[in-house]
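Step one of this worksheet: look at the structure below.
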């Protein structure tokens, strides 16, 4: 009884008064959307198709009409021989269900991936003969709902970064020993390795 009296006698803390216009806490956005939505566009799965359809119904015209893999296959196709008589094209990619679940890949030190198949068309440009066949391209790593990948049983994250746009960049620096202007050039392609040209203080051109 004495304990309850002592507890009731404890003075209450100061009353807080909020003058904020927004009383509810701000809604936290989906911080993984940048990773997951980008990967959905690469695959061209049903989630991406649903978002594209919703954007079109909303009147947006800036939504992509092709998935990432479709753009890649369209860019590299057709692959022709030196004489131009034979060509090979790829289209209509599809995925089969993963062989192992996420937990199984972690336990067995395996990669969480799905088999990818594409339709390959071999065309004889001389005779017009076309041979079409579905071929296995390989196991394509899949992203988990958390925006990660399971590679050999280890969970990894792809970190986004800002890179320079493809093009040619020129720069000028001053050599500290000779006080001479040193000129350089960087060639950055959309795909592939960078090329750097540099002229040293002896007017020799180096490439790396």
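Here, each number is a calculation from the coordinates, and none is a lab measurement. Everything numeric here is computed off the predicted structure, so don't read it as measured data. A quick note on method: Cβ atoms are made from the backbone with ideal geometry, for glycine too, and the neighbour counts reach across all protein chains shown.
Okay, helix-only estimate at 222 nm for the chain: each DSSP H run of n ≥ 4 adds -39500 (n - 2.57), divide by all residues, round to 500 deg cm²/dmol; what do you get?
-6000 deg cm²/dmol
How would you classify region 33-156 from its alpha-carbon gyration tensor, with a ≥ b ≥ c the square roots of the eigenvalues: rounded for a/c under 1.5, else prolate if a/b is greater than b/c, otherwise oblate? List each step's numbers first, then the result.
Details: a/c = 2.89, a/b = 1.37, b/c = 2.11.
Here region 33-156 falls in the oblate category.
Separation between the residue 96 and residue 66 pseudo-spin-labels, each 7 Å from Cα along Cα→Cβ, expressed in nm?
Modelled inter-label distance: 2.7 nm.
Please determine, in degrees from 0 to 90 and to the nearest 10, the orientation of helix 46-57 with respect to the longest principal axis defined by the Cα atoms of the chain, where the helix direction is its Cα long axis.
With rounding to tens, the tilt is 80 degrees.
Calculate, in nm to one decimal, what residue 183 and residue 131 gain on full extension: separation in residues at 0.36 nm each, minus their alpha carbon distance. Walk me through the numbers on the way to the answer.
Working: separation 52, 0.36 × 52 = 18.72 nm, distance 5.29 nm.
Computed gain between residue 183 and residue 131 is 13.4 nm.
In degrees between 0 and 90, to the nearest 10, how far off the longest principal axis of the chain does helix 33-43 point, with axes built from Cα atoms?
Once rounded, one gets 30 degrees.
Which of the peptides 149-156, 163-170 is most tightly packed, and how do the rest follow, going by the mean number of other Cβ atoms within 10 Å of each residue? Before the final figure, lay out each step's value.
Numbers: 149-156: 15.0, 163-170: 9.5.
Put in order of decreasing packing, that is 149-156, 163-170.
Beta carbons within 10 angstrom, averaged per residue: use that to sort the peptides 28-36, 118-126, highest first. Intermediate results must be reported in sequence, preceding the final value.
Details: 28-36: 10.9, 118-126: 15.0.
In decreasing order of mean packing, 28-36, 118-126 become 118-126, 28-36.
Could you let me know the centre-to-centre spacing of region 52-122 and region 132-148, using Cα atoms, in angstrom?
8
Cα gyration tensor of the chain, axes a ≥ b ≥ c as square roots of the eigenvalues: rounded (a/c below 1.5), prolate (a/b > b/c) or oblate? Before the final figure, lay out the partial values.
Values: a/c = 2.44, a/b = 1.41, b/c = 1.72.
Taking the square roots of the gyration eigenvalues as a ≥ b ≥ c, the chain is oblate.
Under a no-solvent Debye model with one identical scatterer per Cα of region 52-102, what's log10 I(q)/I(0) at q = 0.17, 0.29, 0.32 Å⁻¹?
Evaluating at q = 0.17, 0.29, 0.32 Å⁻¹ gives log10 I(q)/I(0) of -0.77, -1.03, -1.11.
Give me the extension gain from residue 88 to residue 190: residue separation times 0.36 nm, minus the current Cα-Cα distance, reported in nm with one decimal. Write down the numbers at each step before the final one.
Details: separation 102, 0.36 × 102 = 36.72 nm, distance 2.30 nm.
Stretched out fully, the residue 88 to residue 190 stretch lengthens by 34.4 nm.
From the square roots a ≥ b ≥ c of the eigenvalues of the alpha-carbon gyration tensor of region 105-208, which class results: rounded (a/c under 1.5), prolate (a/b over b/c), or oblate?
Details: a/c = 4.00, a/b = 1.61, b/c = 2.49.
In terms of gyration-tensor shape, oblate.
Which distance in nm do the two modelled labels at residue 103 and residue 76 give, with both placed 7 Å along the Cα-to-Cβ direction?
In this crude spin-label approximation the distance works out to 3.6 nm.
When the chain is treated as a GNM, springs tying every alpha-carbon pair under 10 Å, which of 92, 175, 62 comes out with the largest mean-square fluctuation?
175
Connecting C-alpha atoms closer than 10 Å in a GNM of the chain, tell me which of 146, 49, 186 has the biggest fluctuation.
186
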